[in-house]
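One structure below.
The values are calculated or read from the model by the stated rules, or taken from the named source; none is laboratory data. The shown structure was predicted, so the numbers you read here are calculated from the model rather than taken from an experiment. Neighbour counts run over all protein chains shown; Cβ positions are idealised from the backbone, glycine included. Areas reflect the complete protein model, heavy atoms only, side chains present, ligands, DNA and RNA absent. Shrake-Rupley method; radii C 1.70, N 1.55, O 1.52, S 1.80 Å.
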Amino acid sequence: MPEGDSVFRLAGRLRRSLDGRTLIRGDLRVPAHAAEALDGARVLEHETHGKHLLTRFSGGLTLHTHLRMQGSWTVTVPGRRLPPNVLSEVRVILAVESGPTAYGLNLPVVELVASRSERDVVGHLGPDPLRADWSAAEAVRRLRRDAGQRVIAALLDQRNVAGFGNLWANELCFLRGLHPDTVMADVDVPALVALGARCLRFSAFRPGAHQVTTGNTRRGEQHWVAGRGGRPCQRCGTTVQVRAEVPGDPGRRRTWWCPHCQPMKGTV
C-alpha cells in the first residue's frame, strides 16, 4: 500500500501536469459519478492528507481519491494514449488542452465532493508531517491516548498520525529499538514522532531517498526489516522475524522485527 510520502510525490507530479489548466475531458468512471463530467473545469491544486489525494477544481468541487493496495496514476504526454488492454482499469481521466492526460487506474475510492465539505472525507485523520499544519504535539497526544495499545498498531492508525503505512511503521520500530508489541506506555512518544516526521519528510523531498531507510539503494538492501523476513539483520546478523499482522487483512500487512535489535521489555 502506498504511504504518505508516495502520495505526496504523486501529487507533485499531477500538480506539474495539471494545475492551472482547464480540462477538455474530465471523466469519473465509477457508478456514483458516471453521469458527472468535469469538462471545462479548471484544475486549481492538488493537496494530500496522509494517503488521501485531493484534487480541487473551479466551481467549488474536489475529487477525493485513495490508492489503497491496487490503485495507481499514470500521466501520458500529448498525443499518447494508454494501451487498449489497460483502458478497462481506468477510473478517472483528466485531460488538459494541448497537454498531458492523467489516468487513475483501479482506484478503489473515487468521490466528488464540495470543497467546503472536504472534512467529511479526511476530517478523521491525524496530523500529517508533510502538511503545513503539522503538529507534533497533537500527534504525541493522539498516540498517547491508549497506553496499552501496541506501537505497531498505533503507528498504523491514521487517526493518530496520517501517512505512516506498514513500511514506515516497521522501520520506525527498528530504528527506535522497539519490539512491535511494545505498549505505548513504554514508548518515548515524542522521540518516535520526531524521528517519524523527519524520515517521512526526507523520503518525500530528497531525490533518490524515497523510502530508503538504510542509506543503501541496492535492491533488497534499502530497508532494515520490512520485507526481510528470514534474512539476516543488516545490523547484527540475527534472522529477521515476520508474522501476519491480522489474518485475512486485505492490506496483506506483515510485521517484521529483529529479536536482538528490538527485544521486548524485560528480555535480553
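In region 78-90, what count of residues is obtained for those that are open to solvent by 60 Å² or more (accessible area, probe 1.4 Å) and closer than 23 Å to Glu111 by Cα? Spell out the reasoning first.
Start the filter on region 78-90 by keeping residues that are open to solvent by 60 Å² or more (accessible area, probe 1.4 Å), which leaves 78-81, 83-85, 87-89.
From the residues that got through so far, the ones that are closer than 23 Å to Glu111 by Cα too are 87-89.
Total satisfying the criteria: 3.
If we scan region 9-27, do we find a residue that is among the aliphatic types (A, V, I, L, M), free of Cβ contacts under 8 Å to residues at least 24 places away in the same chain and surrounded by fewer than 18 Cβ atoms within 10 Å (Cβ to Cβ)?
Going through region 9-27, the residues among the aliphatic types (A, V, I, L, M) turn out to be 10-11, 14, 18, 23-24.
Add one more test, that the residue is free of Cβ contacts under 8 Å to residues at least 24 places away in the same chain, and what stays is none.
No - not one qualifying residue is present in region 9-27.
Confirm whether Ala114 is at pLDDT 95 or above and either hydroxyl-bearing (Ser, Thr, Tyr) or out of contact with any helix residue (DSSP H, G or I) (no Cβ under 8 Å at 6 or more places or on another chain) (or both).
On the way: at pLDDT 95 or above: yes; either hydroxyl-bearing (Ser, Thr, Tyr) or out of contact with any helix residue (DSSP H, G or I) (no Cβ under 8 Å at 6 or more places or on another chain) (or both): yes.
The answer is yes for Ala114.
What is the one condition in (1) assigned by the TED database to the domain that holds Gly26; (2) modelled with pLDDT of 95 or more that Ser98 does not satisfy?
That leaves (2) as the condition not met.
Do we have any residue at all in region 209-219 that's open to solvent by less than 30 Å² (accessible area, probe 1.4 Å), of a type outside the set (Phe, Trp, Tyr) and in contact (Cβ under 8 Å) with a residue 24 or more places away in the chain?
yes
Looking at Arg198, Arg159, Arg142, Arg235, can you tell me which residue is surrounded by 15 or more Cβ atoms within 10 Å (Cβ to Cβ), basic (Lys, Arg) and at pLDDT 95 or above? Spell out the reasoning first.
Details: Arg198 fails: surrounded by 15 or more Cβ atoms within 10 Å (Cβ to Cβ); Arg159 fails: surrounded by 15 or more Cβ atoms within 10 Å (Cβ to Cβ); Arg235 fails: surrounded by 15 or more Cβ atoms within 10 Å (Cβ to Cβ).
From the options Arg198, Arg159, Arg142, Arg235, the qualifying one is Arg142.
Considering every residue within region 50-59, establish whether at least one is out of contact with any Phe, Trp or Tyr (no Cβ under 7 Å at 6 or more places or on another chain), closer than 16 Å to Gly26 by Cβ and surrounded by fewer than 18 Cβ atoms within 10 Å (Cβ to Cβ).
Of the residues in region 50-59, the ones out of contact with any Phe, Trp or Tyr (no Cβ under 7 Å at 6 or more places or on another chain) are 50-59.
Those left that are additionally closer than 16 Å to Gly26 by Cβ: 53-59.
With the extra rule that they be surrounded by fewer than 18 Cβ atoms within 10 Å (Cβ to Cβ), the set shrinks to 58-59.
Yes, some residue in region 50-59 is out of contact with any Phe, Trp or Tyr (no Cβ under 7 Å at 6 or more places or on another chain), closer than 16 Å to Gly26 by Cβ and surrounded by fewer than 18 Cβ atoms within 10 Å (Cβ to Cβ).
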